[in-house]
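See below for the structure under consideration.
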């Protein structure tokens with residue numbers, strides 16, 4: 001039996017993001033194979049901030065799986081909960097980048113190895129030994145990983161972990177919008193800490209008014225103790241125990257593409273929770289949390305990819321000094 005505990009365990013997709021990186025001499029688009037996947041991105045940032053992390057998920061027994069496992073090891077993330085599928089290949093995503101740095105995804109995942117994780121493949125020891133458990137909605141799109149995710153959430157909660165959730169909505173991966181709303185609502189009903197983007201608030205609450213949407217979520221899901229809403233370059237909001245804080249986004253320029261920005265923000269919030277807990281937070285602390293998370297998220301947008309693009313603490317401090 002392992003004796004060590006983890007600050008955070010995350011479960012979900014681990015994949016290759018093929019990101020546009022110029023054109024060849026013949027004018028063909030060139031794509032860079034960037035290791036990614038939202039839960040793994042979150043862990044990579046938390047490792048930069050000094051936290052012990054473990055990943056639970058599945059990749060193929062192929063070259064891309066080797067690359068991803070090696071990348072997690074390189075980042076210092078425990079991979080004893082990473083499984084390899086001998087039949088189904090590693091999930092792939094092609095990232096189409098727009099002029100403003102935003103992006104769209106095309107997934108190769110019908111099936112992909114990440115959805116093949118089964119409940120009996122979960123690392124139960126890791127789930128019983130973590131302070132925070134984090135997951136997203138991409139592990140709720142299909143079976144058997146949906147059942148595995150639900151069992152992992154239950155095991156972590158029973159062990160006393162804080163539950164963190166990021167909807168990370170990717171419409172092409174769902175059978176229907178109704179199915180997406182149903183499963184995301186389940187995730188919302190499980191978490192103590194929520195990171196949700198402005199478009200996801202509108203998707204779940206049928207309003208573009210972020211304050212109104214946050215109020216609807218708090219009413220429907222009183223289990224959420226710390227609710228954070230991101231609005232891209234416009235900034236971010238935090239709602240906690242009747243308090244509301246807003247901090248504008250960082251506008252220092254140099255944005256290349258936004259892959260991983262939300263995950264970096266999420267990790268920075270979880271860093272704050274690991275440092276301060278969830279009891280008795282002040283409005284001042286919420287502002288400090290958002291400023292740090294916004295700065296870290298900005299830095300990721302100045303590079304391609306995610307896992308290998310996470311900023312060092314001194315880089316975040318340098319940005320904060322300019323904000």
Checklist entry - Is one or more of the residues making up the range 29-47 buried (at least 24 other Cβ atoms within 10 Å of the Cβ) and more than 17 Å from the chain's Cα centre (by Cα)? => result no
Next on the checklist: Among the residues of the range 213-233, what is the count of those that are modelled with pLDDT of 95 or more and within 22 Å of residue 306 (Cβ to Cβ)?
Outcome noted: 4
Next on the checklist: Would you confirm, using the coordinates I've provided, whether residue 47 is at pLDDT 95 or above and farther than 20 Å from residue 133 by Cβ?
Outcome noted: no
Next on the checklist: Test of understanding: among 168, 100, which residue is at pLDDT below 95 and crowded, with 19+ Cβ neighbours inside 10 Å?
Outcome noted: 168
Item to check | Enumeration of residues in the range 273-293 that are in contact with a helix residue (DSSP H, G or I) (Cβ under 7 Å, 6 or more places away or on another chain) and buried (at least 24 other Cβ atoms within 10 Å of the Cβ) | outcome: 289, 293
Checklist entry - Looking at (1) free of Cβ contacts under 8 Å to residues at least 40 places away in the same chain; (2) farther than 26 Å from residue 224 by Cβ, can you tell me which one residue 277 breaks? => result (2)
Next on the checklist: Regarding the range 42-53, can at least one residue be identified that is under 22 Å from residue 146 (Cα atoms), touching a residue at least 12 places away in the same chain (Cβ under 8 Å), in contact with a strand residue (DSSP E or B) (Cβ under 7 Å, 6 or more places away or on another chain) and in a helix (DSSP H, G or I)?
Outcome noted: yes
Checklist entry - Taking the range 11-31, which residues are touching a helix residue (DSSP H, G or I) at 6+ places or on another chain (Cβ under 7 Å) and not in a loop (DSSP other than H, G, I, E, B)? => result 11, 15, 16
Item to check | Residue in the range 105-127 that is within 14 Å of residue 9 (Cα to Cα), touching a helix residue (DSSP H, G or I) at 6+ places or on another chain (Cβ under 8 Å) and in contact (Cβ under 8 Å) with a residue 60 or more places away in the chain present | outcome: yes
Checklist entry - Would a scan of the range 112-122 turn up a residue that is out of contact with any strand residue (DSSP E or B) (no Cβ under 6 Å at 6 or more places or on another chain), modelled with pLDDT of 95 or more, crowded, with 23+ Cβ neighbours inside 10 Å and assigned to a loop (DSSP other than H, G, I, E, B)? => result yes
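The values are calculated or read from the model by the stated rules, or taken from the named source; none is laboratory data. Owing to the predicted nature of the structure, the values given are computational and were not obtained by experimental measurement. In this analysis, Cβ positions are derived from the backbone assuming ideal geometry, glycine residues included, and neighbour counts consider all displayed protein chains.
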